[in-house]
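Here is the structure we will look at.
The values are calculated or read from the model by the stated rules, or taken from the named source; none is laboratory data. Note that the coordinates shown come from a computational prediction; the quantities given were computed from them, not determined experimentally. Cβ: placed from backbone, ideal geometry, glycine included. Neighbour counts: every protein chain shown. With ligands, DNA and RNA removed, areas are computed over all heavy atoms of the protein, side chains included. Shrake-Rupley method; radii C 1.70, N 1.55, O 1.52, S 1.80 Å.
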Amino acid sequence: MRERLARLRADLAEALARRRVPLGFVCGGVVLWLSRPTRATLIAGFAIASLGEAIRFWAAGHLHKAHEVTSSGPYRWFAHPLYLGSSIMGAGLAVACRSATVALVIGLYLGATLVAASRSEEAFLRRSFGDRYDRYRRPDVGSPRNTDAGRGFSLAQAIANREHRAAAGLVLVLLLLLWKTTYN
């Protein structure tokens, strides 16, 4: 029974991880509908969300998906800097939207999908890289993770990881919220 429950949880996490983008569009529609932005909340929220996107872009410029355990850039300090950036972007969006209900929707969406995605990703990395991933996840206490010697940020890698799409999405959301602020 315990194994079956664990398998069910793993299957649910995998399904959520695979469907997080379409779920995001659905939640985005709900968020836009429920939002009550003002110019002041848009400015503050966009500043916060931009910080989140900057973290995501930095991480994407270091990440070589499915080819290695990345430990340079923000991966030196955070196991999941893309998800950290997404969470900060979500907080910025909640501020911009000026609605407790929107904040709850964003929090539930990010909580469910990012936890599911990180579990799925970690299972893949353990299967693919074994001990190397386990060492990455358990650095010496108080010290950053081992770094990939000499590797710097690569704009080409960030674009190869399609991070420009997230940046464009952030600008589109800002424009939609600005439109809602102006015409409501």
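Per-residue packing, averaged as other Cβ atoms within 10 Å, sorts the ranges 72-83, 159-170, 113-124 into the order 72-83, 113-124, 159-170, beginning with the highest.
Of the solvent-accessible surface of the chain, computed with a 1.4 Å probe and all protein chains present, 64% belongs to carbon and sulfur.
Given an 8 Å cut-off on Cα distances and at least 6 residues of separation, report the relative contact order of the chain as a percent.
Details: 220 pairs, mean separation 65.0, N = 184.
RCO, the chain: 35 percent.
Three principal axis extents of the stretch 29-126 based on alpha-carbon atoms, in descending order, are 44, 23, 19 Å.
Ranking of Lys65, Lys180 by solvent-accessible surface, largest first: Lys65, Lys180 (1.4 Å probe, protein heavy atoms only, all chains present). Solvent exposure of the stretch 15-138 amounts to 52 Å² per residue of accessible area, where only protein heavy atoms count and the probe is 1.4 Å. Whole-percent P(r), the stretch 42-184, all Cα pairs, 10 Å bins from 0: 11, 36, 33, 16, 4, 1.
Arg19 to Phe153: FRET efficiency via 1/(1 + (r/R0)^6), r the Cβ-Cβ distance, R0 41 Å, to the nearest 0.05? Once rounded, the FRET efficiency stands at 0.85.
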